[in-house]
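The values are calculated or read from the model by the stated rules, or taken from the named source; none is laboratory data. The structure displayed is predicted, hence computed values, not measured ones. Don't worry about glycine lacking a Cβ; one is built from the backbone with ideal geometry, like all the others, and counts go over all protein chains shown. What goes into the accessible areas is simple: the full protein's heavy atoms, side chains included, and nothing from ligands, DNA or RNA. Shrake-Rupley method; radii C 1.70, N 1.55, O 1.52, S 1.80 Å.
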Amino acid sequence: VQLQASGGGLVQAGGSLRLSCAASGRTFSIYRMGWFRQAPGKEREFVAAIRWNTGTTYYADSVKGRFTVSRDNAKNMVYLQMNSLKPEDTAVYYCAAHMSPGTILTASAWDYWGQGTLVTVSS
């Protein structure tokens, strides 16, 4: 599976951005898609995830109510709508694919990764 993330940029606090992730390859085997982020000097942390078939969603507490993850199975796309952005949301955002059920919080448990897209939120 190959993943290509896009949509990052510079936005003021309180603004919005939508990230996109295009999946290709063995997409029929994807169990779950997710978003992680990594700020400078910090570990990669879970942001949100969505079950590929059922659409069930999962969110980190820090983004719940502000971010929305969605998918378009026909286009093999996953999106992360980010609203009410805060400076602490600044990070490189990565999309990832899980090929089987497993823990969603640990980056090492995910099977495939995109290249990352930078989101910068200015105060």
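Rounded to the nearest 0.05, what FRET efficiency is calculated for S70 and T27 with R0 set to 22 Å and r the Cβ-Cβ distance?
FRET efficiency, S70 to T27: 0.90.
Between region 63-99 and region 2-20, what's the alpha-carbon centroid distance in Å?
Between the Cα centres of region 63-99 and region 2-20 lies a distance of 8 Å.
Can you compute the equivalent ellipsoid semi-axes for the chain, i.e. the square root of 5 times each eigenvalue of the Cα gyration tensor, sorted largest first and rounded to whole Å?
Here the semi-axes work out to 23, 14, 13 Å.
In Å and whole numbers, how far do the C-alpha atoms of region 73-123 stretch along each principal axis, longest first?
The Cα atoms of region 73-123 stretch 39, 28, 19 Å along their principal axes.
Once Rh for region 1-64 is found with the Kirkwood sum over Cα pairs, what is the Stokes-Einstein diffusion coefficient at 20 °C and 1.002 mPa s, in µm²/s?
D = 158 µm²/s.
Could you compute the longest span of the chain free of trypsin sites (Lys or Arg not before Pro) located in DSSP loops and having at most 13 other Cβ atoms within 10 Å, not counting the site residues?
Longest gap between qualifying sites, sites excluded: 65-123.
Going from most exposed to least, what order do F46, F28 have by accessible area with a 1.4 Å probe?
F28, F46
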